[in-house]
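Peer 1: Please read through the structure below; I'll follow up with questions.
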Amino acid sequence: MTISHHVGGDLLLAYGAGTLDEATSILVATHLALCPPCRAELALAEVIGGVMMESATTGTAPAESLPDPAIVGAGHDGERHGPAAVLSAQPGSFVLPQPLRDYAGCDAAQLPWRTMGGGVRQVALKTRGSGATARLLSIGAGKRVPEHGHRGAELTLVLAGALYDRDTWYRRGDVDAADSSVVHRPAAGPERDCICLAVTDAPLKFPALIPRLLQPFFGI
Amino acid sequence: MGKSRNVIGFPYRRLDEAFGSDAPVPAAAAQGEPGTYVRASEAERMAARLQAVAERGDRAAFTELFRHFAPRVRAYLLRGGGDAGRADDVLQQTFEAVWRKAKLYDRRRANPAAWIFAIARNARIDSIRRERRPEFDPQDPAFRPDPAPEGERALAAGQRAEAVRSALSALSDEQRDVLWLPFYEGETYAQIAIRLGLPLGTVKSRARLAFQRLRRSLAAQREGLK
């Protein structure tokens with residue numbers, strides 16, 4: 001299964017440079033876990049960073065503060081799963097790839113979903129830094145989210161099921177991007193609930209009264 | 001190449017030298033400043049040092065890596081808006097991580113400068129911005145692995161950096177701005193939009209175009225090698 005809707009090159013560059021806000025970085029890292037071609041692009045972005053670091057003015061050399069390897073512990077970087085955890089898990093058994101499980105603390109089934117009405121449930125993810133906010137949404141099979149517009153950018157990464165928006169189907173790993181010019185009403189496919197990660201950098205605009213009244217309670 | 005235009009304190013002259021300018025500017029090189037010309041062979045040597053650290057905890061190799069990269073990493077950390085004391089703390093963390101993670105370094109995949117850049121970038125996000133850095137984990141059962149290599153001859157670590165360097169030199173100043181400012185100055189697109197007096201959307205699309213142009217130029221270079 002290949003992904004047909006990717007994160008934009010500007011997002012990959014900013015993620016590679018380390019300037020992307022934390023909420024959007026979760027979305028990019030999760031897409032990268034599912035998308036080998038975008039990982040190759042990220043590798044290229046990091047080569048750009050290396051070239052720039054190599055070629056810039058070096059300034060003063062630091063005092064000989066070479067870390068003493070003796071006091072540097074073995075560490076477990078890049079080894080968040082022991083071999084046993086990897087073996088016991090079936091491929092594809094997690095709905096949420098690792099970057100998301102780090103934030104959610106568990107997989108989708110164990111999450112404390114809060115209902116928002118209309119068959120839509122959400123879990124907000126806690127991130128630091130200003131700007132964008134990230135939430136996991138579960139949209140009941142065949143249900144639609146209330147019609148809304150945007151004051152900024154909205155990125156939606158599908159994790160399970162399918163999402164139908166503006167004449168296009170999005171599936172696991174696909175990213176649906178909307179900006180302030182878009183007013184839409186995405187719907188979950190009929191077979192199963194659609195779980196997705198939504199990142200917005202400004203509050204949404206709901207034309208209908210009830211969603212608008214409820215908006216402050218859901219922080220959306 | 002717009003050498004006179006320097007509205008954003010961007011060291012174009014140095015970059016032109018490093019990226020291979022049409023006219024040689026030997027002044028800085030003649031003063032013996034290190035790092036102005038980094039050639040493929042040097043990248044290969046640093047890759048070998050990293051491997052020596054990974055395989056046998058080679059302290060002499062680690063010292064050599066430190067001598068080569070520490071001034072550059074420090075300059076990078078200082079540009080990113082850190083004070084000297086904090087930059088030195090983060091520098092220390094960066095090289096501790098280089099030591100610990102050396103066994104994860106794969107010279108077929110990454111060149112040493114890119115690999116160390118990524119470690120310094122993450123240390124900077126952690127310590128200076130005090131945010132978490134979400135990262136994918138290749139050991140994650142949900143991770144979709146790379147397809148088997150198709151026998152395509154990949155560029156060696158050093159060659160790849162050389163190719164990127166020459167592709168960067170072919171970009172316009174405008175396109176280089178939108179790459180340099182995030183990567184080296186640590187600026188967000190919103191900050192760049194304010195600095196350059198452009199709409200945010202223009203900055204983002206310029207970044208996308210610059211990246212695309214770089215990719216095409218790399219693909220063309222690869223074709224040329226066949």
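Only the coordinates and a few stated rules stand behind these numbers; no lab work does. Predicted model only: the values in this text are computed from it and were never measured. All Cβ positions, glycine included, derive from the backbone under ideal geometry; neighbour counts span all protein chains shown.
Peer 1: Using modelled backbone amide H atoms (1.01 Å from N, in-plane), which distant-in-sequence or interchain residues come within less than 5 Å of A:V95's amide H?
Peer 2: A:A108
Peer 1: For B:D83 and A:K143, what does the FRET efficiency come to when R0 = 56 Å and r is the distance between their Cβ atoms, rounded to the nearest 0.05?
Peer 2: In this case the efficiency is close to 0.60.
Peer 1: Under 5 Å between amide hydrogens, which residues at least 5 positions from B:D58 or on another chain qualify, with H placed 1.01 Å from N in the peptide plane?
Peer 2: Placed amide hydrogens put B:V53 under 5 Å from B:D58.
Peer 1: Starting from the Cα of B:K204, draw a straight line to each of the aspartates and glutamates and keep only those under 14 Å, dropping any in the same chain fewer than 8 residues away.
Peer 2: A:D10, A:D179, B:E174, B:D177, B:E187
Peer 1: Could you work out, residue by residue across A:6-13, how many beta carbons of other chains sit within 10 Å of that residue's beta carbon, and then give the average as an integer?
Peer 2: 6
Peer 1: While we're looking at this one, here's another question. From the square roots a ≥ b ≥ c of the eigenvalues of the alpha-carbon gyration tensor of the range B:102-226, which class results: rounded (a/c under 1.5), prolate (a/b over b/c), or oblate?
Peer 2: oblate
Peer 1: Check the straight Cα-Cα distances from A:K126 and name the aspartates and glutamates below 19 Å, setting aside those fewer than 8 residues away within the same chain.
Peer 2: Result set, ordered by chain and number: A:D21, A:E22, A:D102, A:D107, A:E154, A:D201, B:D126, B:E131, B:E135.
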